[in-house]
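Encoded as structure tokens, the structure appears first; notes follow it.
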Amino acid sequence: MFDIHSHIIYHIDDGSRDIEESVKLIRSAVEQGATDIIATPHYYVECPTDPNRIREKLSEIEEAVKEAGIVVRLYTGNEVLYFDSMTERMEKGDILTLAGSRYTLIEFYPLESYKTILKCVRNVRTAGFLPIIAHAERFKGLRENGLEEVMSLGAYIQISTEPIGKTGFGSLFDGETKFVRDALRNGQAHFLGTDMHRADSRPPVISSAVSWIRKNLDEDYRDAILYRNAKLIPQDEEIDL
Ligand SMILES: [Fe+2]
């Protein structure tokens, strides 16, 4: 499984608190089947991250992971909270795209207007980048309007692994679980992300998602969502929408 959304870089956002926790998170993800993980620290307009710091820390983590005998490929990135001039900062290299490609992971405020989400997709596409909407299940605008229109404008969709495999009575009434499963059944999701933050809060949840996917999706789409689509990101190749 290729995880395109994670907060495994320590001391940079609300994710991992130290290098040991970074290794612990990665070990857990790998044990559940992750082979590739993109590190996507939050980027806020008023609280920007330093791209060089991200690169340096990821190198340290790569070293520590290797020493711990964990086999995994790691990549740099950011998760950007959308703001109008974000593409200018991307062009300057202040915001890291995913694995150095044109793909960029973008989030919104949960109640952000649908109009702004559509504007964002148009702006990012016009600037020559490939917008991926992070944890699409979280946004009211998309839950109410569906994914068809944003996809027709050129947005790719990332959904979270955690709600996919939820079980029990409560999962029947979980709006996020319904949204991610509908997106998968309709072939409207392109990428998976754990959005893992910390070992004791928001750890990676992959196994249950993979079980649900294996049981409910056909082989071709299953391969695409688990690995094949995301593999194109480091190669900077576009997926057909
Ligand atoms: Fe995130």
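The values are calculated or read from the model by the stated rules, or taken from the named source; none is laboratory data. Nothing here was measured: the structure is a model prediction, and the numbers come from that model. Neighbour counts run over all protein chains shown; Cβ positions are idealised from the backbone, glycine included. The accessibility values were calculated without ligands, DNA or RNA, using every heavy atom of the protein model including side chains. Shrake-Rupley method; radii C 1.70, N 1.55, O 1.52, S 1.80 Å.
For the pairs Lys24/Lys66; Lys24/Lys178; Lys178/Lys215, note any where the Cα-Cα span goes beyond 22 Å. Before the final figure, lay out the partial values.
On the way: Lys24/Lys66 13 Å; Lys24/Lys178 30 Å; Lys178/Lys215 16 Å.
Table pairs above 22 Å Cα-Cα are Lys24/Lys178.
Roughly what would the spin-label model give for Leu111 and Thr167, points 7 Å off Cα along C-beta, in nm?
3.6
Antiparallel versus total DSSP beta bridges in the chain: what percent is that, nearest 5?
The answer is about 5 percent antiparallel.
Compute the semi-axes of the equivalent ellipsoid of the chain, taking the square root of 5 times each eigenvalue of the Cα gyration tensor, and list them largest first in whole Å.
Working from the Cα gyration tensor, I get semi-axes of 24, 23, 16 Å.
Taking only protein heavy atoms and a 1.4 Å probe, what accessible area per residue, in Å², does the chain have with all protein chains in place?
Numbers: 10810 Å² over 241 residues.
I get 45 Å² per residue for the chain.
For the range 138-175 and the range 65-87, write down the distance between their C-alpha centroids in whole Å.
Centre-to-centre (Cα) distance: 22 Å.
Run the simple label-point estimate for Glu88 and Met151 please: 7 Å along Cα→C-beta, distance reported in nm.
According to this spin-label approximation, the distance is 3.4 nm.
For a 31 Å ceiling on Cα separation, which of these pairs sit above it: Lys57/Lys92; Lys119/Lys231; Lys92/Lys166?
Details: Lys57/Lys92 21 Å; Lys119/Lys231 28 Å; Lys92/Lys166 41 Å.
Going by Cα-Cα distance, Lys92/Lys166 fall outside the 31 Å limit.
Computed FRET efficiency, Cβ-Cβ of Glu20 and Cys47, R0 25 Å: what is it to the nearest 0.05?
Working: r = 25 Å, r/R0 = 1.00.
Between Glu20 and Cys47 the formula returns 0.50.
For Arg89, Arg73, what's the largest-to-smallest order of accessible area, 1.4 Å probe?
These residues rank, largest area first, as Arg73, Arg89.
How large is the dipole of the chain about the Cα centre if only Lys and Arg carry +1 and Asp and Glu carry -1, each at its Cβ, rounded to the nearest 20 debye?
440
Which value results when the Cα radius of gyration for the range 1-130 is divided by 2.2 N^0.38 Å?
1.09
Leaving out ligands, DNA and RNA, and with a 1.4 Å probe, what % of the accessible surface on the range 2-232 is carbon or sulfur?
Here it works out to 49 percent.
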